[in-house]
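Encoded as structure tokens, the structure appears first; notes follow it.
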Amino acid sequence: MARTTQAAPAKRLPLTEETDPSCLSPAKAATMLADAPWRRFAVIGDSLSAGTGEPTPGYTTMGWSDRVADILRRVRPELAYLNTAEVGATTERVLAAQVERMAAFRPDLVHVPTGANDLFQAAPDFAAIERTLRRLYGVAAATGARLTVFTFGRAFVVPRFADWPDRVRTLNGIVRELAADHEAVLVEMWDHPVNDRPDLISSDRIHFRAAGQAVLAAEVVKSLSRAVAAAGH
């Protein structure tokens, strides 16, 4: 009796920005934001706001915030863009060193940070963190701009803090509450499927690599698109 052999399963090709189902092409993203009213986009905060991260083969090496600015500029060529985000900045540091420049810029769309660096202490005082973030969001909202913010993904891990996931959950809860108070565009990344990708995080174990930046930018665009539709622009 002849022996039959099974063909080896086809090797799965790695994702690229063009094949990644969680990404948006620039053309599609621009179409989704075709009615967006924003002409002055400001980003304040820390390295997560800046879009810090290592390259991923097959993806453009560009942070999420620069990606979103690029899409908005495709819709509004006159778009002005300011990014004052600073690596390592705490919320207090953002208040002291960035908000004045942001306000002078006269934005109509502002991304505000989640406060990641406030968690890097032995015992975070979440009541104090909430008060400081509330001050920051209030200053940003006082410009009259629409606010955007994202929650932290669960892929972020800091081994020296055994309670890190609980810290992130608590901070995300504060961010959700503040976002609701200011009618901010909230981008939920805590349980996004991208968190399960083994090559998502840079070697520092904190920042999304380029693939994650592309996915985050797509989620921001989708959330902004829903906000535009809800406003009837």
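Tell me whether the stretch 87-110 contains one or more residues that are under 19 Å from R176 (Cα atoms), touching a residue at least 24 places away in the same chain (Cβ under 8 Å) and open to solvent by 20 Å² or more (accessible area, probe 1.4 Å). Yes, because at least one residue in the stretch 87-110 is under 19 Å from R176 (Cα atoms), touching a residue at least 24 places away in the same chain (Cβ under 8 Å) and open to solvent by 20 Å² or more (accessible area, probe 1.4 Å).
All of (1) under 21 Å from S22 (Cβ atoms); (2) out of contact with any strand residue (DSSP E or B) (no Cβ under 7 Å at 6 or more places or on another chain) hold for D125 with one exception: (1). Checked against the criteria, P14 counts as closer than 20 Å to I201 by Cα, modelled with pLDDT under 95, out of contact with any Cys (no Cβ under 6 Å at 6 or more places or on another chain) and open to solvent by 90 Å² or more (accessible area, probe 1.4 Å).
Per the listing R74, R67, the residue uniquely open to solvent by less than 40 Å² (accessible area, probe 1.4 Å), touching a helix residue (DSSP H, G or I) at 6+ places or on another chain (Cβ under 7 Å), modelled with pLDDT of 95 or more and of a type in the set (D, E, K, R) is R67. Would you tally the residues in the stretch 19-32 being more than 17 Å from the chain's Cα centre (by Cα), surrounded by 14 or more Cβ atoms within 10 Å (Cβ to Cβ) and assigned to a loop (DSSP other than H, G, I, E, B)? Count: 1.
Would you mind stating whether R205 is open to solvent by 50 Å² or more (accessible area, probe 1.4 Å), in contact (Cβ under 8 Å) with a residue 12 or more places away in the chain and either assigned to a helix (DSSP H, G or I) or aromatic (F, W, Y) (or both)? So R205 fails the test.
Say whether the condition of being assigned to a loop (DSSP other than H, G, I, E, B), in contact with a His (Cβ under 7 Å, 6 or more places away or on another chain) and not charged (D, E, K, R) is met by at least one residue in the stretch 86-94. No, the stretch 86-94 has no match at all. Counting only residues that are part of a helix (DSSP H, G or I), in contact with a helix residue (DSSP H, G or I) (Cβ under 7 Å, 6 or more places away or on another chain) and open to solvent by 30 Å² or more (accessible area, probe 1.4 Å), the stretch 131-150 holds 3 of them. Yes or no: the stretch 158-174 includes at least one residue that is in a strand (DSSP E or B) and open to solvent by less than 80 Å² (accessible area, probe 1.4 Å). Looking through the stretch 158-174, none of the residues is in a strand (DSSP E or B) and open to solvent by less than 80 Å² (accessible area, probe 1.4 Å).
Output yes when any residue across the stretch 221-231 is part of a loop (DSSP other than H, G, I, E, B), out of contact with any Asp or Glu (no Cβ under 8 Å at 6 or more places or on another chain) and either aromatic (F, W, Y) or at pLDDT 95 or above (or both), and no when none is. There is no residue in the stretch 221-231 that is part of a loop (DSSP other than H, G, I, E, B), out of contact with any Asp or Glu (no Cβ under 8 Å at 6 or more places or on another chain) and either aromatic (F, W, Y) or at pLDDT 95 or above (or both).
The values are calculated or read from the model by the stated rules, or taken from the named source; none is laboratory data. Everything numeric here is computed off the predicted structure, so don't read it as measured data. Heads up, the Cβs are rebuilt from the backbone with ideal geometry, glycines too, and the neighbour counts pull from every protein chain shown. Accessible surface areas use protein heavy atoms only, side chains included; no ligands, DNA or RNA. Shrake-Rupley method; radii C 1.70, N 1.55, O 1.52, S 1.80 Å.
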